[in-house]
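Inspection log for the structure reproduced underneath, given as structure tokens.
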Amino acid sequence: MSIVTRVQDSEINPFEAVMSRFDIAAQKLNLDDGLYQFLRYPRREITVYIPVFMDTGRLQVFTGYRVQHNISRGPSKGGLRFAPDVTLDEIKALAAWMTWKCAVVNIPFGGAKGGVVCDPPQMSSGELERLTRRYTAELFEFLGPEKDVPAPDINTNEQIMAWVMDTYSMHARQTVTGVITGKPLELGGSAGRKEATGRGLMIVAVEACKKFNLAPQDTRVVIQGFGNVGSVTAQLLYEQGFKVVAVSDIRCGIYNPEGLDIPRVTEYQRRNRILDGYPEADRITNAELLELPCDILVPAATENQITSRNAPRIKARIIAEGANGPTTAKADLILESNHVFIIPDILANAGGVTVSYFEWVQDRQGYFWKESVVNERLGDYMTASFHEVVKYSETHNVNMRIASYMLAIDRVARGTRLRGIYA
Ligand code: GLU
């Protein structure tokens, strides 16, 4: 393997990505060595092997993970993703990101993440159900409203959350709605949860525009990814009067410098399941999309989209990270020297877990809030957190990413010191 490839490998390793930022923030906070060691390791990494009878009658064994990174401030919290390229390193990184994300928005959770190596589009609903149920059963003693609370992530949805809830409840011999969030409304889900990540992104993007005196009608937005996060962000920014000039799905992007009619794009995608062929725009590649002239870029697809290779050509003034880990640490340095204002993932996409927190609270209360109440409270959390991070970055003279990490690590460190380490 050449040195060049090795450098690239380390640049895109998600665990390195989270740890390199953690190290910078920990150093700036003067974190003592013991606490540094403690927070660097996850609390627990669980691997499960999941036998599933496929529709053909053949038995197939899948590998699944749940990493619980930290529980200092409350039960661990974080999504469950189903994808063919899931690795333990990736899940470890995403679990740590959840700890910092929950602390940035100051909700009483630690961080965790789960993943199963599988390819959902190639599986039937029955196969997915059996996979989900056996994964949940294997993890039964590690999950619970006071222990660890999963939620949707890539390729998992309300139905899968319902199966987790039911399987857990059958083993517990009682209905336990608070074991998982992102459930259907009929089963203790929260109004506004599905749109929450996109809504949170819209809120911080609007706050950033106020900071830079950008009027919505003069602000061009480019969004990579048109799944739950990207499409809701596009719709809400469009409703606020922003000019959404390009969006993309896994196959390609569509670009219209005059602005896209997002409701029409959504309708086209709903009918055709793809964006390709949308008539009122030019077809571009995902790589081209990231480098378009625009004011706000929202990477809302997956990890490692902005690297040292394309960062010098990014023209956006503001990047609001919808995905977890879309920008590498090397790219951060280039973007910083080009004065790009980054609203980092652990702040920008925290709307999802914030409304998960509201869902968990509502489940425990057995009393459900109106969507307007959920959205208003989400607005309060996101706006306050955005300004807190801006203030922190100005006071400590660090960029927004490092400020978010410092704020989060400081909160978790304080909680840990107060509890003490039971060693
Ligand atoms: N998967 C989402 C995230 O990465 C939501 C997690 C949650 O609601 O627990 O933030």
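Taking a ≥ b ≥ c as the square roots of the eigenvalues of the Cα gyration tensor, the chain is classed as rounded, since a/c falls below 1.5. By the scheme Lys and Arg +1, Asp and Glu -1, what is the net charge of all other residues having a beta-carbon under 9 Å from that of ALA162? That works out to -2.
The dipole here belongs to segment 129-276: it is taken about the Cα centre, uses +1 on the Cβ of Lys and Arg and -1 on the Cβ of Asp and Glu, and is about 120 debye. Under 1.5 on a/c is rounded, so check that first for segment 267-379, then, if it is not, pick prolate when a/b is larger than b/c and oblate when it is not; a ≥ b ≥ c are the square roots of the alpha carbon gyration tensor eigenvalues. Oblate shape, in that a/c is at least 1.5 and b/c is the bigger or equal ratio.
Note on LYS370: lysines with a C-alpha under 20 Å away, same-chain residues under 8 apart excluded, are LYS183, LYS194. Length gained on full extension, GLN122 to ALA384: 90.1 nm, using 0.36 nm per residue less the C-alpha separation. Annotation for GLU158 and GLU258: the two label points, set 7 Å from Cα along the Cα-Cβ direction, are 3.7 nm apart.
Computed over neighbours whose Cβ is under 11 Å from that of ARG273, the net charge equals +1, Lys and Arg +1, Asp and Glu -1. Springs between Cα atoms under 10 Å define the GNM used for the chain, and in it the highest mean-square fluctuation of ARG73, ARG271, ARG21 occurs at ARG271.
Rounded to 0.05, the FRET efficiency of the VAL373 and THR175 pair, given R0 = 30 Å and the Cβ-Cβ distance, is 0.80. Counted residue by residue at 0.36 nm each, then reduced by the alpha carbon distance between them, the extension gain from LEU88 to GLN365 reaches 96.2 nm. If both residues of a DSSP beta bridge must be in the chain, then about 45% of such bridges are antiparallel.
Largest mean-square fluctuation among GLY241, GLY188, GLY57, in a Gaussian network model of the chain whose springs join Cα atoms under 10 Å apart, belongs to GLY57. In terms of its alpha-carbon gyration tensor, segment 1-112 comes out oblate; a/c meets the 1.5 threshold, while b/c is at least as large as a/b. Counting neighbouring Cβ atoms within 10 Å and putting the fewest first, the residues TYR422, TYR405, TYR268 line up as TYR422, TYR268, TYR405.
Once the C-beta distance of SER308 and ASP276 is scaled by a Förster radius of 41 Å, the resulting FRET efficiency is 0.90 to the nearest 0.05. Taking the charge dipole of the chain about its Cα centre, with +1 at Lys and Arg Cβ atoms and -1 at Asp and Glu Cβ atoms, the residue from LEU35, THR156, VAL340 reaching farthest to the positive side is LEU35. Stretched out straight at 0.36 nm per residue, the stretch from LEU59 to ASN30 would grow longer than its current Cα-Cα span by 5.2 nm. Between the exposed loop cleavage positions of the chain, defined as GluC sites (Glu not before Pro) in a non-H, G, I, E, B DSSP state with at most 14 neighbouring beta-carbon atoms within 10 angstrom, the longest gap is 1-145. Nearest-5 percent of antiparallel DSSP beta bridges in segment 45-169? Counting only bridges with both partners in segment 45-169, antiparallel ones make up about 60 percent.
Around the amide H of ASN70, modelled in the peptide plane, lie the amide H atoms of ARG43, GLY111, all under 5 Å away and 5 or more residues distant in sequence or on another chain. When the alpha carbon gyration tensor of segment 123-184 is reduced to an equivalent ellipsoid, its three semi-axes come out at 18, 13, 10 angstrom, largest first.
In this calculation the C-beta distance from LYS147 to GLN217 is compared with R0 = 60 Å, giving a FRET efficiency of 0.80. Label zone (LEU333, point 7 Å along Cα-to-C-beta; backbone nitrogen cut-off 11 Å) within segment 265-309: 308. Dividing the helix sum by the residues of the chain, where each DSSP H run of 4 or more adds -39500 (n - 2.57), gives a mean residue ellipticity at 222 nm of -15000 deg cm²/dmol. Charging the Cβ of each Asp and Glu at -1 and of each Lys and Arg at +1, and nothing else, the dipole of the chain about its Cα centre rounds to 760 debye. Please build a GNM for the chain, connecting alpha carbons under 10 Å apart, and tell me which residue among VAL222, VAL247, VAL52 fluctuates the most. So, out of VAL222, VAL247, VAL52, the one fluctuating most is VAL52.
Residue pairs exceeding 25 angstrom between C-alpha atoms, taken from LYS101/LYS243; LYS92/LYS243; LYS147/LYS391; LYS101/LYS315; LYS210/LYS391: LYS101/LYS243; LYS92/LYS243; LYS147/LYS391; LYS101/LYS315. Each of ARG193, ARG44 was scored by other Cβ atoms within 10 Å of its Cβ. Arranged with the fewest first, they read ARG44, ARG193.
Read-outs: derived from the displayed coordinates by stated rules, not from any lab. The structure displayed is predicted, hence computed values, not measured ones. Reconstructed Cβ throughout: ideal geometry from the backbone, glycine too, with neighbour counts over all protein chains shown.
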